[in-house]
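Contents: one structure, followed by commentary.
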Amino acid sequence: MAGNSQRRNRRTSNKKGAQVGSGGKRRRGLEGKGPTPPASARKGHVKNRVANAKSKQAARRPVARRGGKGSSEMVVGRNPVFEALRDGVPASTLYVQQFIDNDERVRDAIQLATQRGNLHIMEAPRPELDRMTNGLNHQGLVLQVPPYEYAHPEDLAASAADHGEDPLIVALDGVTDPRNLGAVVRSVSAFGGHGVVVPERRAAGMTAGAWKTSAGTAARTPVARATNLTRALESYQKAGITVVGLAADGDHDVSDLEALGGPVVIVVGSEGKGLSRLVGETCDFLVRIPMPGGAESLNAGVAAGVVLYEAAKRRS
């Protein structure tokens, strides 16, 4: 009986001795390393070398970057709306007041909007138009102009390179009148330039007024927006482009500067203050436009046109 009791105690005892095993190594070994990766991801495989070469080539290829969007704009009033439509200002929607007096100007505006084909024409009650225009005297017609798609400053030089040409770019420093911006865009287009650069802050943008003054050339001449104009000019210099600033007390006469015949950025300041200090110090050359008539300064559009003409002569 005593022997049976001892055997029973040994069977029911919780005490365990030392266990001998693999420590989990066999189990982990059986787990494997997951699915086989594709050939393009396997180091040393010919498809992997091809994929790496393609990725390096794509990294070297210049990528166009956008300079951001402007803000949407409302053109109000019968004459302004008609003129904007006539002059080709981009627009998304024409709002017409319900029960409006259908005079000749209203009919002409609606006809121009209809001819575009891609412009929505919507009727709206007067209170709604008052709300949209913050109470301006809209006379029953409101034209919505979509935000302008600005280029990036690097896009302008890249476009010139794509055409096998030396960049010819105008940068505006402190120009706040949209009509001056439109006039510069028109001059750049006339003399074969590759675009205009404006600062992001404290500068004119591509509004409906700028579009009208450009006389349609804004559709084919890009405007780029720079977060910091000085840095944008320095980036152009690193790319081998000469930066020429216009100044009344410039060291060179515009007709004598040989640099205008090569890759160049022409910087035009405001009519009253001229170039800002940092921008002026960044320029490689400061040039003056002789004015025998005694005028103190020219507006941005005229000044840019004079220098662009000199540059175009040297390139022809």
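Between ASP130 and SER71, full extension at 0.36 nm per residue minus the direct alpha carbon distance yields a gain of 19.3 nm.
Potential lengthening of the chain between ARG201 and ASN79 amounts to 40.9 nm, from the contour at 0.36 nm per residue minus the alpha-carbon distance. The alpha carbons of segment 169-316 give a radius of gyration and a Dmax of 13.8, 38 Å, in that order. Take 119-128, 162-171, 92-101, 187-196 and order them by the average number of nearby Cβ atoms within 10 Å per residue, most first; the result is 187-196, 162-171, 92-101, 119-128.
Please give every one of the aspartates and glutamates within straight-line cross-link reach of LYS69, meaning a C-alpha to C-alpha distance under 17 Å, and leave out same-chain neighbours fewer than 8 residues apart. Those aspartates and glutamates meeting the cut-off are GLU149, GLU154, ASP155, GLU200. Using the 1.4 Å probe convention, the accessible area of segment 154-283 works out to 43 Å² per residue with neighbouring protein chains retained. Summarise the long-distance tail of P(r) for segment 118-228 by giving the % of C-alpha pairs beyond 22 Å. Value for segment 118-228 (Cα pairs over 22 Å): 42 percent. I'd like the carbon and sulfur percentage of the solvent accessible area for segment 174-301, probe radius 1.4 Å, heavy atoms only, ligands and nucleic acids excluded. Heavy-atom surface of segment 174-301 belonging to carbon and sulfur, 1.4 Å probe: 47 percent. Backbone amide hydrogens, once placed in the peptide plane, bring ALA151 within less than 5 Å of GLY67, VAL223, ALA224, ARG225, excluding anything fewer than 5 places away on its chain. Placing pseudo-labels 7 Å out from each Cα toward the beta carbon at GLU149 and ASP103 gives an inter-label distance of 3.8 nm. Amide H to amide H distances under 5 Å link GLU73 with VAL145, where only residues 5 or more positions off or on other chains count and H is placed in the peptide plane.
The values are calculated or read from the model by the stated rules, or taken from the named source; none is laboratory data. Model, not experiment: these values are computed from the prediction. So basically every Cβ, Gly included, is an ideal-geometry build from the backbone, and we count neighbours across all protein chains shown. With ligands, DNA and RNA removed, areas are computed over all heavy atoms of the protein, side chains included. Shrake-Rupley method; radii C 1.70, N 1.55, O 1.52, S 1.80 Å.
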